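Structure first, then comments.
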């Protein structure tokens with residue numbers, strides 16, 4: 001459905017449901033592969049969970065953090 005995990009995240013953010021929270025965790029699997037898991041929570045209670053591995057994990061993590069920073073700036 002999406003070309004990458006970053007595309008899926010951007011879709012979840014821009015789908016018009018109103019985002020209330022974005023959480024991102026970056027870590028490693030036992031075999032050394034990098035893994036990122038992002039949770040997006042919408043005002044209507046819907047939640048999206050997006051995972052990425054390897055180099056794509058870095059891209060997903062940084063995109064989620066960019067949105068998180070914008071979210072905090074908008075609240076300030």
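Some observations on this one:
- Helix 55-75 vs. the chain, principal-axis angle (Cα, 0 to 90°, nearest 10): 20 degrees
- Cβ-to-Cβ counts within 10 Å put 44, 21 in ascending order as 44, 21, the fewest first.
- Packing-based exposure ordering (other Cβ within 10 Å, fewest first) of 56, 63: 56, 63
- Which labelled figure in (i) 11.2, 30; (ii) 12.5, 41; (iii) 14.4, 41 is Rg and Dmax of the Cα atoms in Å, once derived from the coordinates: (ii)
- Principal-axis tilt of helix 5-14 within the chain, Cα atoms, nearest 10 degrees: 10 degrees
Here, each number is a calculation from the coordinates, and none is a lab measurement. Since the structure is predicted, the reported quantities are computational estimates derived from the model, not experimental observations. Cβ coordinates were reconstructed from backbone atoms using ideal geometry, including for glycine residues, and neighbour counts include every protein chain displayed.
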